[in-house]
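Every number in this text was worked out from the coordinates using simple rules, so none of it is lab data. Since we're looking at a predicted model, the values are computed, not measured. Cβ placement follows ideal geometry from the backbone for every residue including glycine, while neighbour counts extend to all protein chains displayed.
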Amino acid sequence: MHNPVEAADELERCMHDLKFQGAMINGQTNGEYLDRDKYSVFWERVAALEAPIYLHPANPVDYPATYAGHTELWGPVCSWAFETAAHALRLVLAGVFDRYPKARLVLGHMGETLPLNLWRFDCRWVVCNRGSRTLPQMPSFYIKRNIAITTSGVCAGAPLRCALDAMGEGNVMFSVDYPFEKREVVVQFIELARISENERIKVASDNAKCILHLDRRIG
């Protein structure tokens, strides 16, 4: 991602020649986030290819005082989720998904806390210090339209119910999060979750077929 033009070309090559269905990016690159103008060429290609981009958690480039003296917060307990949620919000609030409505982002871990806060994002967007930054729609519109989430690393019924209600039943995909989770634990979770059978089918398979375009072959 240090060269957005090359990244866009490589994405297209992987999808056409290697039959990929999308790509994964591990957070920021050399301290730069994907909402910067230099990455417009990449998002334009993402939208043209309808290639879902999985934003994988990673630590921030700096070490905030928030985590000082608490090494247990640095990593999967806290910092990965907060960093990834903030990165995704940068994309939303910078208007990336307004400019490229067919671009699609995928977040793991039940959406990295975003589904829980959709109402607050909209409410605070109206009163926040956003300078000249504007959006034709509220932030939640773009989150629900352009971001899909997976259940990876969260095997609990309440967050799953929240995700389905907040994001819509077509935006949630089952995922294991190996090696952090044991397969049998994750399988039991989705099989016994208190959701409708129609929701279970969508989460377990149908949504992935649609979001990842598994019935499509490019080139």
To the nearest 20 debye, segment 167-219 has a Cα-centred charge dipole, built from +1 on Lys and Arg Cβ and -1 on Asp and Glu Cβ, of 180
Reduced to Cα centres, the span from segment 149-200 to segment 9-38 in Å works out to 26
Ranked output for segments 84-91, 151-158, 175-182 by mean other Cβ atoms within 10 Å, highest leading, reads 84-91, 151-158, 175-182
Extend 7 Å from the Cα of Thr66 along its Cα-to-C-beta direction; within segment 122-138, residues with backbone N under 19 Å of that point are 122, 124-125, 128-130
Highest mean packing first, using Cβ neighbours within 10 angstrom, the peptides 59-71, 30-42, 122-134, 187-199 sort as 30-42, 187-199, 59-71, 122-134
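Report, in debye and to the nearest 20, how large the dipole of segment 4-211 comes out about its Cα centre when Lys and Arg carry +1 and Asp and Glu carry -1 on their Cβ.
On the way: 22 positive and 25 negative charges, 108 e Å.
About 520 debye.
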Of the candidates Met110, Val126, Met173, the farthest towards the positive dipole end of segment 4-211 (Lys/Arg Cβ +1, Asp/Glu Cβ -1, centred on the Cα centre) is Val126
With the label point 7 Å along the Cα-to-beta-carbon line of Glu184 and a cut-off under 13 Å to each amide N, the hits in segment 138-159 are none
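Using a 10 Å cut-off around each Cβ, can you sort Thr113, Thr150 from fewest to most neighbouring Cβ atoms? Walk me through the numbers on the way to the answer.
Details: Thr113 16, Thr150 25.
Neighbour counts put them in this order, fewest first: Thr113, Thr150.
Listed here are the pairs Lys38/Lys182; Lys38/Lys209; Lys19/Lys202; which of them are more than 29 Å apart at the Cα? Present the calculation step by step, with values, prior to reporting the outcome.
Details: Lys38/Lys182 40 Å; Lys38/Lys209 31 Å; Lys19/Lys202 24 Å.
The answer is Lys38/Lys182; Lys38/Lys209.
In deg cm²/dmol, rounded to 500, what helix-only [θ] at 222 nm does the chain give when every DSSP H run of at least 4 residues adds -39500 (n - 2.57) and the total is split over its residues? Show your work: numbers first, answer last.
Details: 10 runs with 92 residues, N = 219.
Helix contribution divided over all residues of the chain: -12000 deg cm²/dmol.
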